[in-house]
Amino acid sequence: MNQKLVSIFLSKYAIAAILAVTIIVFLPEYFNKYNLDVVEEKLSDVKASFYYYDIDNDGWSETIKGLNDQNNEKFPAINVFTKDGILIDQWNFRGTFLTENKQIFSSDANQNGFKELFFFTQVEDSIFLNIIEPLGEDGRVK
């Protein structure tokens with residue numbers, strides 16, 4: 001019995017577990033570096049999806065709102081708002097969003113310092129990749 005306990009505690013898995021627990025206990029608390037606070041809550045009566053991207057790289061996220069026409073769900077629209085809630089512009093498209101949660105992606109594909117918005121729409125049997133660059137070279141609405 002004693003020999004069996006010694007072989008269990010000297011196995012590579014037991015030694016690894018003991019070392020891992022010891023290291024985890026004595027690790028400093030690096031995970032308190034970031035705090036998440038609720039700044040504002042908004043309720044929307046429209047079936048919309050909200051995304052927050054810093055499209056002009058100024059350190060503040062703009063609000064991107066994807067929604068369908070309220071009457072017949074056939075005309076998707078993208079609204080872009082500043083950090084203060086001011087509407088920058090709205091873009092309307094034909095068809096419907098490809099997914100119900102209106103997925104909108106962001107990337108600086110042309111490397112000009114302003115991010116473009118990418119999303120898919122469906123018109124009958126065709127799928128379209130839509131690309132919007134809300135801000136131009138000088139930071140104004142395009």
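The values are calculated or read from the model by the stated rules, or taken from the named source; none is laboratory data. Worth saying up front: this structure is predicted, and the values here are computed from it rather than measured. Note: ideal-geometry Cβ built from the backbone for every residue, glycine included; neighbour counts use all protein chains shown.
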- Query: Restricting attention to the stretch 87-128, which residues are more than 16 Å from Y53 (Cβ to Cβ) and of a type in the set (V, I, T)?
  - Reply: T96, T99, T121, V123, I127
- Note on the structure: Restricting attention to the stretch 75-88, the residues that are more than 17 Å from D58 (Cβ to Cβ) and either in contact with a Lys or Arg (Cβ under 9 Å, 6 or more places away or on another chain) or surrounded by 13 or more Cβ atoms within 10 Å (Cβ to Cβ) (or both) number exactly 5
- Message: Tell me whether the stretch 47-67 contains one or more residues that are farther than 24 Å from L117 by Cα, at pLDDT below 80, within 19 Å of the chain's Cα centre (by Cα) and in a loop (DSSP other than H, G, I, E, B).
- Response: no
- By residue number, the members of the stretch 93-117 that are in a strand (DSSP E or B) and out of contact with any Gly (no Cβ under 7 Å at 6 or more places or on another chain) are T96, F105, S106, S107, E116, L117
- Residues (aromatic (F, W, Y) and under 22 Å from S107 (Cβ atoms)) located in the stretch 51-94: Y51, Y52, Y53, W60, F81, W91, F93
- Task: Give the residue, chosen from F114, F118, that is among the aromatic types (F, W, Y), modelled with pLDDT of 90 or more and surrounded by 10 or more Cβ atoms within 10 Å (Cβ to Cβ).
- Result: F118
